[in-house]
Structure formats: C-alpha cells, structure tokens
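The values are calculated or read from the model by the stated rules, or taken from the named source; none is laboratory data. Here the structure is a predicted model, which means the values were calculated and not measured. So basically every Cβ, Gly included, is an ideal-geometry build from the backbone, and we count neighbours across all protein chains shown.
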Amino acid sequence: MFENTTFCITTFGCQMNKHDAERLSGLMSSLGSVPVQTNAEADFSIFVTCCVREKADERLMGTVATMKNDPVRPGSPFGKRFVAIGGCIGQRDGQKLLDQLENADVVFGTHNMEALPHLLQEAIEGGMRRAELVDGRAEFHDDLPEDREHPWAAWLPITVGCNNFCTYCIVPYVRGRELSRPIDEIAQQAQAYVDAGVKEITLLGQNVNSYGRDLYGEPRFAQVLDVVSKTGVERIRFATSHPKDLTDEVIERFATLPNLMPALHLPAQSGSNRILKAMNRRYTVEHYRELIEKLRKACPDIALSTDIIVGFPGEPEEDFQATYDLVNEVGYNQVFTFIYSKREGTPAAEMQDDTPREVIQERFDRLVDLVQRNAERLNLEQNQAGVVLPVLVTGASKNDPSILAGKSPRNQTVHARVPQGMSASDYAGSIVDIRIDEAHTWYLWGTML
Ligand code: 5AD
Ligand code: SF4
C-alpha cells in the first residue's frame, strides 16, 4: 500500500516533537514510502506540532488550510493528498482538528504514533476521516525505527512526560506523567549510537533533572551523565533542566566529565518570587542565583541560556523589572523570550489578566534588546580573537556552499571558509579546529586550521 508513495513531515515545536518526527519518518520509510522535502511532492503530508504556545497552533492551521487547493503530486497513486496531524496538538484537539480543517484526514496523538499507517490505510481504502487518541501515561517509542536528520547527532529521550504542572503549561496534559527509561537501556542506546558514528548525543526530557525518581525513588541524572560519558561519545548535551531539581552532583559533572559540553539551558521563566509562586515553579530567585554561582564556579566558561515568559497574568512592571534585572545580571548567551500565551485547561488561564497588550509588548521589546546587547558582549568576551575552538560541522552556511557552519562546545554558531576545491558539506559531521577571528552577536567567524 505504501510502496511508491511519498511523505513529507513538517514539525512546529520543540526537540521532543522533532524526535517524534524522526520516529514517524522511520516508520513510514520502513513501509516503503519515500521521504520528500516539500508537500507539493508528497502523497502524505504529516504535521507534528506542539501546543505550548498559540503561535504553533496558528502556523499549523494556516499551513494546512492553505494547502486545500494545492494540486496533487504528478503520478500520485491516489489522485489525492492525505493530511495527517499528530504531536501534542493532535493529542489535545483530536476530532476538533478534523472539524476545523476540512482537508485533514487523520489525527493521532503523542501516545499512539504507531497508529499512523493504519489510520492512513483506512482513509485510503474507506475514505474514513478519523482521529485516534490514546490516553494515558507517557511512553518511549523505541519500537519504532528512526530516521535521524543528521547521522552524527542523536537525541536520546531519557524521560517523557512531566509532573510539574507549571500553571501556564499544557505539556503535562498532552504528554502525560513523567516516565524514566532504565539507566542500562540508556547506556546501551548511547553505545549503539557511538558505534554507529554519532558524535553528539543530546539527552532529552521535559525535566531531565528529575530523571529516575519514578524508577529508583530518587533522581539519578548525574549517573546517567556518567554512563553516557563512558561510551566515549565526543559531545553530550541535555535539555531541559528544571532549576528546582538541578543537583550539586550534576553541576559538578560540568567540571569532571570531559565530553559534557559547557552549555546549560536553565529556564528561569521569571525573576520575581511572586510570579514564580503563581507559576508553581517551586524555587525562589535566590535559589536560582545560587545555582548560577555554583555552575560558574564548576565551569567558569559555561554558556547559559534560559526561557523567560513576559506578561504572565497580573504581572506588574515591578515584577517584570525583577526579571529584567535577573537577565541582565546573569548574562546569558541566549534567552528564549515568550509572550505569555493562554492555554485553555491550565490554571493560569483562569487567572485575572488585565495588563494591556501594548504594555506587554513594550516590556518584551525592552527585554529582547537587553538580551541582544548581552549576547554580543558575552560572545566577544568569551571568544577572544585567536582562540582555537573544536567545531562540529553541521553543513554549509545558508547562502554559500564554500562557507561551513558548525557548533562550538558552547553551542555557538561558527562560520569559516573551507579550503579551495572543497565543499562545506565534505566536512559535515566532523570536528575541525577553527581559529576565531571575529565575534558577532549570533555567530563567530574564523579560519579553518
Ligand atoms: N505561554 C508562553 N510561554 C510558555 N512556555 C510554556 N508554556 C507557555 C505559555 N503558556 C514557554 C516556557 C517553557 C518553554 C518551552 O515555553 O518558557 O520553558
Ligand atoms: Fe511545562 Fe513546567 Fe513541565 Fe516544563 S516543567 S514541561 S514548563 S509543566
């Protein structure tokens, strides 16, 4: 049924959704369907979308709705393009998506990705438009083959789901309760990746720091770092960390594990204790500052990044200012700034929200401006001209195949010209030494050695 067909997967969302997309791609490929880059070439357009903020919803709805009149692919065996929607948004909205989008055929959720082929089959054979969802606990999808975007980089989910119920967040409702994967399975999977030539492993979870609480009665994330480090993989990263669960043991690993990269994403969300409390974050800004101090002590050149929400219901200027001060003081290499987005079904959606939109936007712009200035200053300070960095090459820069793009240990983008007669893609997946000549706000420019 799927032989000689094509599929295109589009993701709007976080790394967990992207990882799910790799699994779906593996699943479709294993049935004989061929991945293509655009929906125009596809018999099956598959969307994997997160629902953490409204923007992703809007992008999905807009994209699918505008596809309605697109011509089917020349040579299509069905005379029709099938549209399937999954990920967090499928889990949340189910049948509603089919009601709203007349050209959507199939909806599936986060707990039953393996349902996609049989749902498509029903749509092809019986013209059925159906949403199939499974409630329940989060699960790993190791039974599905995966089709990684880059052969040298792998995401390895160590936990799925979330137990934290931050009051603004929909994730616990669509991903289910937290579930950890046994440590020996993680070690085996990491070793298999290394044996297959993977250079960088990113451990994934909504809150990796609480890893193991459900299995062992205590968090054991530091031990996960140890076993993954032992595989000898060149680079280890992880996301995301919840400040309330980041332990001294884990912080110490930044000093002791040579392949743990000096970069940490530690979402603060707010710099005001009152707002943190209303968000149910369960740490204080004092505790957060203490963590930053310890991290800098363990690893002086660590690159820190964070998430900040501006405009949480009822946030006055004073509390925003506390966030602004925190961001200014910590000096992040990168800050993901979000305007609060109301998610039905979460406690914050019931809270009184009377701050005018323009006021929130003005605060947001002020924060973005600060972030930009700090990132530029830090990039200059941390990367003095002449320093040599090992750079994992990801491919060519967008506009020029003779310029490579890659990532430094601190996860900064690095560009350099490749030797004459070579193409940047020849180096993709290798780690090369680059001497830094210039630091810009969002990238470094250097010379290949
Ligand atoms: N509105 C705005 N931002 C949100 N995030 C999560 N839920 C919301 C929401 N309702 C942000 C948080 C989180 C990141 C992944 O998305 O900052 O860390
Ligand atoms: Fe959402 Fe909070 Fe869980 Fe992160 S920790 S996924 S913000 S509920």
task = Keeping to the range 398-443, report how many residues are in contact with an Asp or Glu (Cβ under 7 Å, 6 or more places away or on another chain) and of a type in the set (A, V, I, L, M, F, W, C).
result = 1
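For (1) surrounded by 14 or more Cβ atoms within 10 Å (Cβ to Cβ); (2) at pLDDT 95 or above, each residue gets a yes or a no:
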position	(1), (2)
Ser305	yes, yes
Gly311	yes, yes
Thr346	yes, yes
Leu370	yes, yes
Ala375	yes, no
Asn379	yes, no
Val388	no, yes
Asp400	no, no
inquiry  = Would you confirm, using the coordinates I've provided, whether Glu22 is surrounded by 15 or more Cβ atoms within 10 Å (Cβ to Cβ), away from ligand 1 (no atom under 16 Å from the Cβ) and under 19 Å from the mean Cα position of the chain (by Cα)?
reply    = yes
request  = Return the pairs, sorted by first residue and then second, in which the second residue is more than 8 Å from ligand 2 (Cβ to nearest atom) and assigned to a strand (DSSP E or B), the first residue lies in the range 165-179 and is touching a residue at least 40 places away in the same chain (Cβ under 8 Å), the beta carbons are less than 7 Å apart, and the residues are 6+ apart or on different chains.
outcome  = Tyr168/Ile309; Arg175/Val160; Glu178/Thr159; Leu179/Thr159; Leu179/Val160
task = Taking Leu326 as meeting all but one of (1) in contact with a helix residue (DSSP H, G or I) (Cβ under 9 Å, 6 or more places away or on another chain); (2) more than 18 Å from Arg274 (Cα to Cα); (3) of a type in the set (A, V, I, L, M, F, W, C); (4) assigned to a helix (DSSP H, G or I), write down the number of the exception.
result = (2)
inquiry  = Restricting to the range 145-167, count the residues that are polar (S, T, N, Q) and either more than 9 Å from ligand 2 (Cβ to nearest atom) or in contact with a His (Cβ under 8 Å, 6 or more places away or on another chain) (or both).
reply    = 2
request  = Being closer than 26 Å to Asn379 by Cβ and more than 7 Å from ligand 1 (Cβ to nearest atom) is the filter here, so list the residues in the range 337-349 that pass it.
outcome  = Thr337
inquiry  = Please go through the range 95-126 and give me each residue that is over 14 Å from Met28 (Cβ atoms), among the small types (Gly, Ala, Ser), surrounded by 18 or more Cβ atoms within 10 Å (Cβ to Cβ) and out of contact with any helix residue (DSSP H, G or I) (no Cβ under 6 Å at 6 or more places or on another chain), ordered by number.
reply    = Ala123
key: The one condition in (1) in contact (Cβ under 8 Å) with a residue 40 or more places away in the chain; (2) touching a strand residue (DSSP E or B) at 6+ places or on another chain (Cβ under 7 Å) that Leu119 fails to fulfil   = (1)
ask   = Given the conditions (1) within 14 Å of ligand 2 (Cβ to nearest atom); (2) more than 19 Å from Ile158 (Cα to Cα); (3) part of a loop (DSSP other than H, G, I, E, B), and given that Glu315 satisfies all but one, which numbered condition is not satisfied?
value = (1)
request  = Read through the list (1) surrounded by 19 or more Cβ atoms within 10 Å (Cβ to Cβ); (2) away from ligand 2 (no atom under 15 Å from the Cβ); (3) at pLDDT 95 or above, then give the number of the only condition that Ser241 fails.
outcome  = (2)
ask   = Would a scan of the range 213-229 turn up a residue that is touching a strand residue (DSSP E or B) at 6+ places or on another chain (Cβ under 8 Å), more than 12 Å from ligand 2 (Cβ to nearest atom) and part of a loop (DSSP other than H, G, I, E, B)?
value = no
